[in-house]
1. Suppose only helical runs count, i.e. DSSP H with n ≥ 4. What mean residue ellipticity at 222 nm does that imply for the chain under -39500 (n - 2.57) per run, divided by all residues and rounded to the nearest 500 deg cm²/dmol?
2. Under 5 Å between amide H atoms, partner at least 5 residues away or on a different chain: which partners does Asn35 have, H built in plane at 1.01 Å?
3. Which of (1) 11.5; (2) 12.3; (3) 13.0 is the computed Kirkwood radius over Cα pairs in Å for the structure on display?
4. Please give the length that would be gained between Thr50 and Ala21 if that part of the chain were fully extended, namely 0.36 nm times their separation in residues minus their C-alpha to C-alpha distance (nm, one decimal).
5. Report, to the nearest whole %, how much of the accessible area of the chain belongs to carbon and sulfur atoms, 1.4 Å probe, protein only.
6. Apply the Karplus curve 6.51 cos²θ - 1.76 cosθ + 1.60, θ = phi - 60°, to the phi angles in the range 38-47 and return the couplings in whole Hz, x for Gly and Pro.
7. May I ask you to derive the relative contact order of the chain, considering only C-alpha pairs under 8 Å and at least 6 residues apart, and to give it as an integer percent?
Amino acid sequence: MKLSSRWLRVLSSLKGTNKIANYEVVAGGVILKCNNGCSVIAKNKADLETEIAQIVQMEEEK
């Protein structure tokens, strides 16, 4: 998946603020690694937005 610089900044910011452990952009989508060890694959930008929202919500509930 090709991401715009905006999306890359969002992912980098989430990693920098410890909302996510890591991310990897691959041909089939984006792999998000949560702080609790889980990995989520977002196959398109709509999925990516949904997954980010869920991860951020989980982190804020801690």
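The values are calculated or read from the model by the stated rules, or taken from the named source; none is laboratory data. Treat the numbers as computed from the prediction; the structure is a model and nothing was measured. Only protein heavy atoms, including side chains, enter the accessible area calculation; ligands, DNA and RNA are left aside. Shrake-Rupley method; radii C 1.70, N 1.55, O 1.52, S 1.80 Å.
1. -15000 deg cm²/dmol
2. Sorted by chain and number, the residues that satisfy this are Ala21.
3. This structure yields the entry labelled (1).
4. Full extension from Thr50 to Ala21 adds 8.7 nm.
5. In the chain, the share of accessible area belonging to carbon and sulfur is 50 percent.
6. Using θ = phi - 60°, the values come out as 7, 10, 10, 10, 9, 8, 8, 5, 5, 4 Hz.
7. It rounds to 24 percent for the chain.
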